Each structure stands twice: as C-alpha cells, then as structure tokens.
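*Asks:* I'd like to ask you about the structure that follows.
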C-alpha cells in the first residue's frame with residue numbers, strides 16, 4: 001500500500017496563482033524523483049467549524065484560503081529516498097528561499113501516513 005505525505009497550508013487569496021506556479025514546478029520535481037502522484041487542492045466548500053476544521057487548523061486569516069495537498073509514494077522507504085534527493089535539489093531550494101514562498105510556512109501542517117484502505 002502507498003505511503004502518503006499530507007499537507008494543509010494557509011495561502012493568501014491574492015497568492016493562489018503564485019502558489020500554483022510553485023506547486024506545479026515542485027510537483028514535476030517530485031514526480032521526476034519517483035513520487036507516484038502529487039496533488040494540490042484549493043478550498044472550495046470548507047466551513048469554519050465550531051471546534052475543528054481545515055480553516056481553524058492553520059489559523060486561517062480572512063484574506064486567506066486553505067490548500068490541501070498530498071504526495072504518494074510506493075513505500076516509506078521510497079518516500080525517504082525521494083525526499084532526500086528533493087532536499088538537495090537546487091531547483092527546489094530556489095523556490096524555498098527567504099521571501100520566495102507565497103504563504104506562511106510556520107502555519108503549514110504536514111506529516112507522513114501509512115495507507116490502511118485504498119480502493
């Protein structure tokens with residue numbers, strides 16, 4: 001079963017196009033190194049919950065939206081190998097430099113997940 005890295009990111013609405021541009025470039029790099037899939041989704045029907053919700057999880061501000069993303073790999077071993085190469089790739093480093101990211105990375109939520117059901 002695949003291994004998945006998941007992300008939730010607050011993105012200023014005015015920066016969605018810039019985020020998409022960076023995500024498209026990053027996705028090509030991940031796929032080049034062996035990821036099975038790379039998906040970025042912008043919130044469409046995401047309400048603020050009373051206790052928990054995607055907007056609350058990243059402390060979304062009024063001028064922001066939420067992006068939900070995931071990358072799939074054959075296994076955690078593959079993910080670790082691919083991410084090792086990714087972190088050394090100068091193309092990605094240029095996108096991650098100071099002031100280059102069109103969102104507040106301090107409020108990004110991410111983690112690795114083992115698949116338990118896939119259909």
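*Asks:* First measure r as the distance between the Cβ atoms of residue 110 and residue 13, then evaluate 1/(1 + (r/R0)^6) with R0 = 22 Å and state the FRET efficiency to the nearest 0.05.
*Replies:* Here the calculated transfer efficiency is 0.55.
*Asks:* Using 1/(1 + (r/R0)^6) with R0 = 41 angstrom and r between the beta carbons of residue 118 and residue 20, what's the FRET efficiency to the nearest 0.05?
*Replies:* Between residue 118 and residue 20 the formula returns 0.90.
*Asks:* From Cα pairs below 8 angstrom and at least 6 apart in sequence, can you work out the relative contact order of the stretch 5-78, rounded to a whole percent?
*Replies:* Across the stretch 5-78, relative contact order equals 49 percent.
*Asks:* In deg cm²/dmol, rounded to 500, what helix-only [θ] at 222 nm does the chain give when every DSSP H run of at least 4 residues adds -39500 (n - 2.57) and the total is split over its residues?
*Replies:* Details: 4 runs with 39 residues, N = 119.
Dividing the helical sum by the residues of the chain leaves -9500 deg cm²/dmol.
*Asks:* Where does the chain land on Rg/Rh, using Cα atoms and the Kirkwood Rh?
*Replies:* Working: Rg = 14.8 Å, Rh = 15.2 Å.
Rg/Rh for the chain comes to 0.97.
Values quoted throughout were computed directly from the atomic coordinates according to the rules given, and no laboratory measurement underlies them. Here the structure is a predicted model, which means the values were calculated and not measured. Ideal geometry is used to build each Cβ from the backbone, glycine not excepted, and the neighbour counts take in all protein chains shown.
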